[in-house]
Amino acid sequence: MPLSEHEQRVLEQMEQALYAEDPRLASTLKSTASGGAAVERRRLVIGVLVALGGLALVLVGVMTQMIWIGAVGFLAMVLGGAWAATPGRHGRPRLGVVGADGQPRRSGPSGGAGGGGGTGPRRPRRPSSGGGAGGFMQRMEQQWDRRKEQGPS
């Protein structure tokens, strides 16, 4: 059932608003919708074919009583199943750090933080004076010290 002219206009306005508000998300959605499904389908087919080939090798290894052929077949089955089950690069979201303003910070040598997994040196955190995690830990340490000073009751 085709959309009416009014529905098409509303859809175009929503699309333009999405591009204006978050162009990166809009381009990601557009690329995933156009070419991502074909890549995922190909990956699934290849993984299933490799797993079936591995199953055939396991059967040949059992029939010929050559254990090493069965082991290679089993390995092919596991790898083919893992290949088919994991998403490709198009299906995997990119992780990063979002600043206080809600915008993603840039990674790289310019000093921004990225989703690199914490391989670089870290700056020491300043203890917070408010009721944050630093204040809570300080209060807990003070209570512990007071209990140690009072001795056993």
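Subtract the Cα-Cα distance of Thr28 and Ala85 from 0.36 nm times their separation in residues, and report this length gain in nm to one decimal. Numbers along the way, then the final one.
Numbers: separation 57, 0.36 × 57 = 20.52 nm, distance 2.19 nm.
Here the segment from Thr28 to Ala85 would lengthen by 18.3 nm.
How much length would be gained if the chain were fully extended between Leu52 and Glu141, taking 0.36 nm per residue of separation minus their Cα-Cα distance, in nm to one decimal?
Numbers: separation 89, 0.36 × 89 = 32.04 nm, distance 5.96 nm.
Extending this stretch completely gives an extra 26.1 nm.
How much length is gained on full extension from Met66 to Val10, taking 0.36 nm per residue of separation minus their Cα-Cα distance?
Working: separation 56, 0.36 × 56 = 20.16 nm, distance 6.60 nm.
My answer for the length gained is 13.6 nm.
Values quoted throughout were computed directly from the atomic coordinates according to the rules given, and no laboratory measurement underlies them. Quick caveat: nothing in here was measured; it's all calculated off a predicted structure.
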